[in-house]
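Some notes on the structure that comes next.
The values are calculated or read from the model by the stated rules, or taken from the named source; none is laboratory data. Predicted model, so just to flag it, every value in this text is computed and none were measured. We place every Cβ from the backbone using ideal geometry, glycine too, and count neighbours over all the protein chains shown.
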């Protein structure tokens, strides 16, 4: 080799070409750049037939730096054919085949340097060095693959076992579910019946109480009418005038917080005066008794409160306003309840019969709820198990163990999280909410479908598609997310290593090429 | 590259962001962002001038004739304003007319740095004078100056070819004092003098002018709006100097087709503008531009070609302000001067194209070129603004770009994918995201921690890198470029003499004032390796956004009242601003190499003369068939205007092309001068290997075909760099008498020897191709079938077919060993394809140099002339100079149109005995292939064909 190389260096490009045909690989007779597997086609004692059979040429035209064959097979060792392929033996490393346009282009592509022989550049033979490195890397890879493979077997075993357990569980659930459903529906009927009796009796009880209340209310109002008249008649002249009621919010018809003269007149009639208690009872009391009895105590208070509000301020905190109104409402309610008790007295307790009915219904409800919950839980469990059993966790269930786990990868800006068979998310390191990059879609690897996962339908990109993520799965001894990128806008690409992807034994890898 | 520009904003700009989103969401251009003629007061004023009432007369006693030049004054009869004019006959069939103000109130901007030298005046000019005017006779041409009203006519061979002001639309708005409107004055009688006094006291340094004149002008014009201030949308133009436009009409008798005045996304043959807006020249960043309209785009070259079967003339309106051009088709009789009436006898319906040009400020400085043929006009124009520079070889190879390749790993991966798929490329591009916060000359240190190593690993394979450097500078006191530009006063100023600030990619930005030669020098020195950390000698530059693009400015550009060096307003220099940025960058790269290496700088904005500094592209196009189709006339129009190194983003910048469109785009662009794939950040990746394998293979073939033809392209670039002229050529420029080619832009020639018909329609299964030339033979370069012109043929075009023909009579050089990039093919052998014409002759040239340095200008080149004649193919020097040596040899000769099989072929060189050559003859296709002549390509040799 060395002598020949030296010779090539000394040749000019115009002269070397005719010598090339006689220069083959280490004197084997194989033309330079030709693949050993095709050796039988290159017989220097016969004319050369192009490998596609379309032409036959003198053997001296092989590697003569001129392209005669349309398939490039006559020039494996020169750059003459656009479709030529150059083979370097790379003893000590592994052979390489590449386009013959890389022959004599000034770049050392073969570690044995055989692709550069026109003297433009001197390529060292680095195959031993490169090969050693490669073998070391390969050894590590194989070690990892072997270790991973063993782990994968275990995961597959566990996965299959889990699958069997799920199947068994499903079977038993399915066997039980009908009974449970039956029981639930029986209890539901029982509950309905109890509730029906309960309701009838309860309705009667409430009806009675309402009637009592109406009666009491009338009595109450009647008892208050004279004192109310007297209170309104502040000057005690036996008649009520506009001036006397103008401060009483019971007459604030439009609810604006003050009683206008018109509102007062509306209450007292056009004359603006009620001249006797009898007139009061006939003209005013029926219309205003509710308000007069109820509003009196807090009317003034509420008016004062509204006076405190700054009328022209734009800086009122809206939340404060709302709080204030809520407080008002609560106060009113409190007063109303107090008044009710004042009017009606205590509501009577349920009688024994009713108490009994309620107790029976409560029990039926509880029993039904327990049965219904049990049924729902079982149905959910069935659904969940069916989903799991319907999922593709690999040909041998080896990926099943990844379900329910999550893995993170953090780069400069983001933390990415992959939860296999569930979702992929992205969170900015500077804070902010989680962005969905997609939920579990399917396996999409080309040759081996278990080499790629696709997650789809993530958060929509403004003016663009929904986010999606493709996860490239490769063999490793640990489960880890090792990279994340966004090669297209809103289309993410991540790499995930897992023993589950160690499909082949380490020692089965191509040792023979070394 | 405009869009989504608000990634990091402060709160002040939120409102703007909302506005921007609304704009972006609109499909296609938002026309309301850009002015129509109606929105531009000077456009309206000039368009409203009535024809045939020109108030401009030559002042009788002002005329003086010196040799080839006539100097004279022109008086505006309406206001007595005086203009100083010269018209000069120049050498090699050119003339120049200059009109300025005689006593301007303010200096008027005159374009500098565009002419490569002061043009030589013609010798042997004879002058005749009579009472109507003056006639200059020179060679076969005449110039006739008519005095009242002012008018000039040019005749070639006694045929009238150009008339100037024949329609009387000339307009020269003298600078004037602002006239105070009547309603602001209390006393009727004294209003004018008050107004004048007020203005003159504010502007003491202004030369005195005739106050009566100012009054007269004021009274007449004040009725028109927009003289002293105009607003567009929310932007106000303070117009401190008032109206200042200049306009003139030019008619081309006998002509039905005019071309040029790029940049517009419109047809090659320009359309009549009557009823619509004029063609506009005002460098603008137009988001998602529409096609088939006269709106202004990124670049402006005010050069027009007027062509008919008998004559071709050119016109160059040297003005850098906003310019509009009206074009109308008419009949000649209306504007033919009575003394030429005899020319019309029996031909009263002679067609004519009338054009009307007007610019917002500056002077009238117009060049006329008289051809007589298109290629002559191109040479004449190149003698004014210069021919194209000779780009380094890699620059005409294939470029791979995207907004953005994200980081060093991305770059490494893209680079290796090209090799993995055996697709050649020369240059990998990095868009704005490579910087640290859009601070140009910096790197994002996380994504690109080792930019030098990255460039070196590309360079190890002969590849280059391009980074983007825009002319807007981020305002950031921690940023050295901003610090220096700020402290040294290098920024453009606003109307109030503060630093002009606007919004661009980095947020708040200011613009280097490239009008100032010192600032250009400073900018150029930024490209020294020491000043640009992380750069190497294999890094080249892309100037984007140099119109300039100002996101929050009027029409997305700079305010017209912004102030530049020399007191010029932005309105005076707008269209030349981008060219100066381009030039300063190119000068920087040259200086970086110690003045040894040719630069490569891509610019988006351009002006007349940009061809001397680098390449341009057609900006932010869209992934649509229409945009692919329009790229042909756009690039041809730019090419006609003296700038041959142009291209369009392959695939379309916006949106995602489908595979068919992308394949067709690669096929088309591989036959265009600047060949770069580029895409918006929102698009999907579309590198060739992402296509289906069959489509990727077609794209690979297209790119490889380009590489094979690089010697042919490079030779054409060399020829254009010497003489000027086009590289891709509309058919009419090579077949100027063939009327059927005049409006044709769906096919074109590369040089004069290859005819290309790109397929620009979806699902096209066949196409028709016009093959020009009487008895011209055209050979399909794929299957060698030949056709005789002139005729139209129909051809089926499956996706892998793009019709390309070699002209009979030509010799095309190729390098057929396609390597990973062009520099790796440096020493490779050549193949010559000899396409015989009917006389069994052919001619071709090949130019070779080192591909990158300026050594060629010292004779380190070789120009070869190949001739096939009398059954001998010979190689002789194509020029008296050049002694470049190469290792490249001749590996193959393909002769097309060889009717008989030779009995013997032999080669003989200078010092060698004849040697017999092997060959193959394909009778059916009349194709002869000669194997390995093995002669050095730059030697003299002969190959004899015996029958």
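Restricted to the stretch B:802-820, and to residues that are within 14 Å of chain A (Cβ to nearest Cβ) and surrounded by 24 or more Cβ atoms within 10 Å (Cβ to Cβ), which residue is nearest to residue B:427 (Cα to Cα)?
First, pick out the residues of the stretch B:802-820 that are within 14 Å of chain A (Cβ to nearest Cβ): B:814-820.
Of the ones still in play, those that are also surrounded by 24 or more Cβ atoms within 10 Å (Cβ to Cβ) are B:817-820.
Values: B:817: 19, B:818: 16, B:819: 14, B:820: 11 Å.
The extreme case among them is B:820.
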Look through A:159, A:119, A:84 and report the one residue that is farther than 27 Å from residue B:706 by Cα, within 14 Å of another protein chain (Cβ to nearest Cβ) and in contact with a helix residue (DSSP H, G or I) (Cβ under 6 Å, 6 or more places away or on another chain). A:119
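Scan the helices (runs of 4 or more DSSP H) fully inside the stretch B:680-772 and keep the ones with 2 or more residues being under 23 Å from the mean Cα position of the chain (by Cα), in contact (Cβ under 8 Å) with a residue 60 or more places away in the chain and more than 14 Å from chain A (Cβ to nearest Cβ).
Passing ranges, in order: B:710-723, B:731-734.
Check whether at least one residue in the stretch B:399-411 is in contact (Cβ under 8 Å) with a residue 24 or more places away in the chain and either within 27 Å of residue B:307 (Cβ to Cβ) or under 20 Å from the mean Cα position of the chain (by Cα) (or both), and report yes or no. Outline the logic, then answer.
Looking only at the stretch B:399-411, we keep the residues that are in contact (Cβ under 8 Å) with a residue 24 or more places away in the chain, and these are B:399-408, B:411.
With either within 27 Å of residue B:307 (Cβ to Cβ) or under 20 Å from the mean Cα position of the chain (by Cα) (or both) added as a condition, the list becomes B:399.
Yes - at least one qualifying residue is present in the stretch B:399-411.
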Considering only residues that are surrounded by 24 or more Cβ atoms within 10 Å (Cβ to Cβ) and under 29 Å from the mean Cα position of the chain (by Cα), which ones fall in the stretch B:822-843? B:822
Residues in the stretch B:253-260: is at least one out of contact with any strand residue (DSSP E or B) (no Cβ under 8 Å at 6 or more places or on another chain), in contact (Cβ under 8 Å) with a residue 24 or more places away in the chain and farther than 25 Å from residue B:99 by Cβ? no
Can you tell me which condition residue A:139 does not meet? The list is (1) at pLDDT below 95; (2) within 14 Å of chain B (Cβ to nearest Cβ), and all the others hold. (2)
Is it the case, given these coordinates, that residue A:451 is touching a residue at least 24 places away in the same chain (Cβ under 8 Å) and surrounded by fewer than 14 Cβ atoms within 10 Å (Cβ to Cβ)? no
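Has the stretch A:88-95 got at least one residue that is more than 10 Å from chain B (Cβ to nearest Cβ) and within 26 Å of residue B:890 (Cα to Cα)?
Filtering the stretch A:88-95 down to residues more than 10 Å from chain B (Cβ to nearest Cβ) leaves A:88-95.
Now narrow it down to the ones that are within 26 Å of residue B:890 (Cα to Cα): none.
Scanning the stretch A:88-95, I find no residue that is more than 10 Å from chain B (Cβ to nearest Cβ) and within 26 Å of residue B:890 (Cα to Cα), so the answer is no.
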So, in the stretch B:46-81, exactly how many residues are over 32 Å from the mean Cα position of the chain (by Cα), without any contact (Cβ under 8 Å) to a residue 60 or more places away in the chain and closer than 18 Å to residue B:365 by Cβ? 2
Out of B:457, B:477, sole residue that is surrounded by fewer than 17 Cβ atoms within 10 Å (Cβ to Cβ) and within 14 Å of another protein chain (Cβ to nearest Cβ): B:457
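Residue by residue, here is whether (1) farther than 30 Å from residue A:191 by Cβ; (2) in contact (Cβ under 8 Å) with a residue 40 or more places away in the chain; (3) not assigned by TED's automatic domain parsing to the domain that holds residue A:449 holds:
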{"position": "A:356", "(1), (2), (3)": "no, no, yes"}
{"position": "A:366", "(1), (2), (3)": "no, no, yes"}
{"position": "A:377", "(1), (2), (3)": "no, no, yes"}
{"position": "A:403", "(1), (2), (3)": "yes, no, no"}
{"position": "A:411", "(1), (2), (3)": "yes, yes, no"}
{"position": "A:414", "(1), (2), (3)": "yes, yes, no"}
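Here's a check for you: in the stretch A:96-105, which residue that is out of contact with any strand residue (DSSP E or B) (no Cβ under 7 Å at 6 or more places or on another chain) and either part of a loop (DSSP other than H, G, I, E, B) or farther than 18 Å from residue A:66 by Cβ (or both) is nearest to the other protein chains (Cβ to nearest Cβ)? Outline the logic, then answer.
Here is the first cut: in the stretch A:96-105, the residues out of contact with any strand residue (DSSP E or B) (no Cβ under 7 Å at 6 or more places or on another chain) are A:101, A:104-105.
From what's left, either part of a loop (DSSP other than H, G, I, E, B) or farther than 18 Å from residue A:66 by Cβ (or both): A:104-105.
Values: A:104: 8, A:105: 4 Å.
Once the filter is applied, the top-ranked residue is A:105.
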State all residues of the stretch A:455-488 that are without any contact (Cβ under 8 Å) to a residue 60 or more places away in the chain, within 14 Å of chain B (Cβ to nearest Cβ) and buried (at least 18 other Cβ atoms within 10 Å of the Cβ); if no residue qualifies, say none. A:467, A:468, A:470, A:488
With the condition being in contact with a helix residue (DSSP H, G or I) (Cβ under 6 Å, 6 or more places away or on another chain), I'd like the strands (runs of 3 or more DSSP E) fully within the stretch B:786-871 carrying at least 2 qualifying residues. B:810-814, B:842-849
